[in-house]
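Some notes on the structure that comes next.
The values are calculated or read from the model by the stated rules, or taken from the named source; none is laboratory data. Note that the structure is a prediction, hence the values are computed from the model and not measured. Note that each Cβ is placed from the backbone with ideal geometry, even for glycine, and that neighbours are counted across all protein chains shown. What goes into the accessible areas is simple: the full protein's heavy atoms, side chains included, and nothing from ligands, DNA or RNA. Shrake-Rupley method; radii C 1.70, N 1.55, O 1.52, S 1.80 Å.
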Amino acid sequence: MTSYIALKHLHMTAVALSGLFFLIRGGWLLQNSPQLQAKWVKISPHIIDTILLLSAIGLLVVGHQFPVWVHVKITLLIVYIGLGVMAFKKAKTTNQKAGFLVSAMMVYMFIISVAIAKSPLGFFS
């Protein structure tokens, strides 16, 4: 049980860092900041998200369960990543970038609500 709690705290920390850093990078994107080109800024999201993913897999293995709401979180994660790619790599205008960033953050918040509520409908259940 101790390993489950440690993994859960690691996972929640990675969730918070991932969202916070996404917001910071999104702000820099909208400002056309040269900070986005820094090597540590390009590498950090991959490190944080790898920890996030590995801790999630660890929770599933240690917990010996794979409930339906986890399937929903995985699907939403793919949507979140896609919106992030659109914002940072594909969008041309500031309005497009802002729209994709806001949409990605809405999906991020819904993923958190699904996790907290342990329901596919999140806080809407």
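Go through the stretch 15-32 and count every residue that is β-branched (Val, Ile, Thr) and within 9 Å of the chain's Cα centre (by Cα). Write out each step before concluding.
The first filter runs over the stretch 15-32 and keeps only residues β-branched (Val, Ile, Thr), leaving 15, 24.
Okay, now just the ones that are also within 9 Å of the chain's Cα centre (by Cα), so 15.
Total satisfying the criteria: 1.
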Quiz item: Between residues in the stretch 34-57 that are among the charged types (D, E, K, R) and residues that are assigned to a helix (DSSP H, G or I) and surrounded by 12 or more Cβ atoms within 10 Å (Cβ to Cβ), which pairs lie under 9 Å by C-beta distance while being six or more apart or on different chains?
Solution: Lys42/Leu36; Asp49/Ala14; Asp49/Ser18; Asp49/Ile81
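How many of the residues in the stretch 60-74 are of a type in the set (A, V, I, L, M), open to solvent by less than 80 Å² (accessible area, probe 1.4 Å) and touching a Pro at 6+ places or on another chain (Cβ under 7 Å)? Full working, then the answer.
Step one: list which residues in the stretch 60-74 are of a type in the set (A, V, I, L, M), which gives 60-62, 68, 70, 72, 74.
Retained after the next criterion (residues that are open to solvent by less than 80 Å² (accessible area, probe 1.4 Å)): 60, 62, 70, 72, 74.
Okay, now just the ones that are also touching a Pro at 6+ places or on another chain (Cβ under 7 Å), so 72.
Of the residues in the stretch 60-74, 1 are of a type in the set (A, V, I, L, M), open to solvent by less than 80 Å² (accessible area, probe 1.4 Å) and touching a Pro at 6+ places or on another chain (Cβ under 7 Å).
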Self-check item: Matching residues in the stretch 75-120 - criterion: being surrounded by fewer than 15 Cβ atoms within 10 Å (Cβ to Cβ), touching a helix residue (DSSP H, G or I) at 6+ places or on another chain (Cβ under 8 Å) and in a loop (DSSP other than H, G, I, E, B)
Solution: Lys118
Exercise. Please list, ordered by first then second residue, the pairs with beta carbon atoms under 6 Å, 6 or more apart or interchain, first in the stretch 103-116 and of a type outside the set (A, V, I, L, M, F, W, C), second open to solvent by 30 Å² or more (accessible area, probe 1.4 Å).
Key: Ser103/Leu83; Ser113/Phe123
Quiz item: In this structure, does Ala91 turn out to be in contact (Cβ under 8 Å) with a residue 60 or more places away in the chain and either among the aliphatic types (A, V, I, L, M) or over 13 Å from Gly26 (Cα atoms) (or both)?
Solution: no
Quiz item: Within the group Ile43, Ile57, Ile5, Ile47, which residue is farther than 23 Å from Ile112 by Cβ and loosely packed, with under 14 Cβ neighbours inside 10 Å?
Solution: Ile43
Practice problem: Say whether the condition of being open to solvent by less than 80 Å² (accessible area, probe 1.4 Å), in contact with a His (Cβ under 9 Å, 6 or more places away or on another chain) and within 22 Å of Thr13 (Cα to Cα) is met by at least one residue in the stretch 24-35. | Solution: no
